[in-house]
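Here is the structure we will look at, set down as structure tokens.
The values are calculated or read from the model by the stated rules, or taken from the named source; none is laboratory data. Computed from a prediction, not measured in an experiment: that's the story for all the values here. Quick reminder, even Gly has a Cβ in these numbers, built from the backbone with ideal geometry, and neighbours come from all protein chains shown. Accessible surface is based on the protein model in full, side chains and every heavy atom, while ligands, DNA and RNA are left aside. Shrake-Rupley method; radii C 1.70, N 1.55, O 1.52, S 1.80 Å.
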Amino acid sequence: MKLRFEASTTLFLEAIYTQWEANKPMRERCLKVYKEWGWSDADILYAFKKRPLCLLLSEKKLTRTLDFLMNKMGFRAGEIAETPYIFSHSFEGVIIRRGSVLNALVLKGLIKEKWTLSSVFLTPEKCFLKRFVASYHDSITELWSVYRGQVDPLGQTFSEGHDQSL
């Protein structure tokens with residue numbers, strides 16, 4: 001199968017680096033991890049075409065991110081493959097924080113619709129905080145603590161109303 005990248009784009013350079021300059025065992029380990037998480041060849045190819053560097057991640061980061069997104073957040077492989085830029089984000093600093101806020105909102109029943117990965121994880125910080133934290137803080141007083149990583153939303157009972165101490 002031929003992959004076509006516009007030669008004047010950054011993706012072209014990433015693809016060349018990933019395929020010819022980077023360490024082949026690292027690419028193979030990434031492919032193995034994706035397969036272990038149920039990704040099809042089509043999912044992997046789609047992600048690669050959007051973000052070639054997704055084949056140069058550490059096994060640890062890839063496994064932790066896929067575990068969180070698939071097992072704790074409920075995203076499917078195809079959904080993650082559509083947004084491979086998520087792997088560029090800090091696991092603790094962005095993925096866990098934002099995912100935990102979304103989980104808290106879902107557990108409380110405040111969000112019913114399914115959000116896309118890009119609307120949660122790729123939106124600028126200020127927009128995320130306004131849309132998901134500040135907008136719901138009166139309904140879940142611990143939401144800022146969830147965002148800061150001080151409260152784990154899974155298995156948590158949330159208080160109602162506004163609490164100035166948070």
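A few notes on this one:
- Matching residues, region 54-74, being open to solvent by 30 Å² or more (accessible area, probe 1.4 Å), of a type outside the set (A, V, I, L, M, F, W, C) and part of a helix (DSSP H, G or I): 59, 60, 61, 63, 64, 67, 71, 72
- Residue 106, sole failed condition from (1) in contact (Cβ under 8 Å) with a residue 12 or more places away in the chain; (2) open to solvent by 20 Å² or more (accessible area, probe 1.4 Å); (3) among the hydrophobic types (A, V, I, L, M, F, W, C); (4) under 30 Å from residue 145 (Cβ atoms): (1)
- Residue count for region 101-131, restricted to those that are outside any helix (DSSP H, G or I) and touching a Ser or Thr at 6+ places or on another chain (Cβ under 7 Å): 2
- Residue check, residue 125 of a type in the set (Asp, Glu) and out of contact with any helix residue (DSSP H, G or I) (no Cβ under 9 Å at 6 or more places or on another chain): no
- Per the listing 92, 28, the residue uniquely open to solvent by 30 Å² or more (accessible area, probe 1.4 Å), in a helix (DSSP H, G or I), at negative phi and touching a residue at least 40 places away in the same chain (Cβ under 8 Å) is 92.
- Region 40-58 residues that are more than 16 Å from residue 24 (Cα to Cα), paired with ones that are of a type in the set (A, V, I, L, M) and part of a helix (DSSP H, G or I) (beta carbon under 6 Å, 6 or more apart): 43/77; 43/81; 46/81; 47/81
- Test: residue 145 is part of a helix (DSSP H, G or I) and within 25 Å of residue 58 (Cβ to Cβ): no
- Out of 55, 31, sole residue that is modelled with pLDDT of 85 or more and in contact with a Leu (Cβ under 8 Å, 6 or more places away or on another chain): 31
- Criterion: open to solvent by less than 30 Å² (accessible area, probe 1.4 Å), among the acidic types (Asp, Glu) and at pLDDT below 80 - qualifying residue of 21, 14: 14
- Cross-chain or 6+ apart pairs with Cβ under 9 Å, region 132-144 first and without any contact (Cβ under 8 Å) to a residue 60 or more places away in the chain, then surrounded by fewer than 17 Cβ atoms within 10 Å (Cβ to Cβ) and of a type in the set (Asp, Glu): 138/160; 139/160; 140/160; 141/160; 141/163; 142/163
- Taken over region 78-89, the residue count meeting the criterion of being open to solvent by 10 Å² or more (accessible area, probe 1.4 Å) and part of a helix (DSSP H, G or I) is 4.
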